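Heads up: the structure comes next, in structure tokens.
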Amino acid sequence: MKLSHCFLLAAAGIVLMQTAGCVREVEKREELGVGVVAELPEYPQLARYKLSLQLVGSRTLTAGRPGRVTFSLRNTDDRPLRLVEWYANEPDNLLIYCQPWLPGTTEPDEGLWIPLSFDVKRPATRYPLEIVPGNNVLVTKELPFVEKLVVSPEGERRYFIKAVLNLHSVSAESPVAAIAVESPQRAALREKEEK
């Protein structure tokens, strides 16, 4: 009789410990914020979607200043797209590849793409993002080499650039685009002429 009583107490203790563990897990998830979820181990591929990823905005940057490029991710399907793995830190959703546009070339060399590595912001939190048909989301990425680049006063440097979606459930790659990085002197002259 005493043995079964001890067994019941031990079982009740285990249940209480497991329940307390579940409560802590729920509290941790709530601390992330409403609608924000912690990273999951895997995200299954979606069976149907149509996405377009394009470089938008200015393609001329200035050496010595922060270099930013913006890409548009558009839902080109006729039904809404729900991305459950969208990074809360939006730049983490894209990977950028770049290569110098060498004189005499007209297109990039597939073997020369340089990935511009960026560490995903930790903790990597995600939230569901729904894009209705025809709508888009803009993602801006920093190009750190532009701020460190030195260009002769009258010159500019050109680069091929492309972006790839950094998600598992869907994939998209932008067409190759060209950007120019001009000297501060040339940028000032252009800005003066545009006024």
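Here, each number is a calculation from the coordinates, and none is a lab measurement. What you see is a predicted model, and the numbers here were worked out from it, not measured in a lab. Neighbour counts are summed over all protein chains in view; Cβ atoms, including those assigned to glycine, are modelled from backbone coordinates with ideal geometry.
Dipole size in debye (nearest 20) for the stretch 55-158 around its Cα centre, Lys and Arg Cβ +1, Asp and Glu Cβ -1?
Its charge dipole is roughly 300 debye.
Please give the charge dipole size of the stretch 82-139, origin at the Cα centre, charges +1 on K and R Cβ atoms and -1 on D and E Cβ atoms. Round to the nearest 20 debye.
300
Would you please give the FRET efficiency between Glu173 and Glu194, computed as 1/(1 + (r/R0)^6) with r the Cβ-Cβ distance and R0 = 22 Å, to the nearest 0.05?
That pair, Glu173 with Glu194, gives E of 0.10.
At a Förster distance of 25 Å, what's the computed FRET efficiency of Asp119 paired with Ser152, Cβ-Cβ distance as r, to 0.05?
With a Förster radius of 25 Å, E is 0.15.
Can you give the local net charge around Asn93? Use residues other than it whose beta-carbon is closer than 10 angstrom to its beta-carbon, Lys and Arg +1, Asp and Glu -1.
Around Asn93, the surrounding residues sum to -1.
Could you calculate the contour length gain from Ala180 to Phe145, that is, 0.36 nm times the residue separation minus the distance between their Cα atoms, to one decimal place in nm?
Here the answer is 11.3 nm.
Under unit Cβ charges (Lys, Arg +1; Asp, Glu -1), what dipole magnitude, rounded to 20 debye, does the stretch 134-195 have relative to its Cα centre?
Magnitude of the dipole: close to 60 debye.
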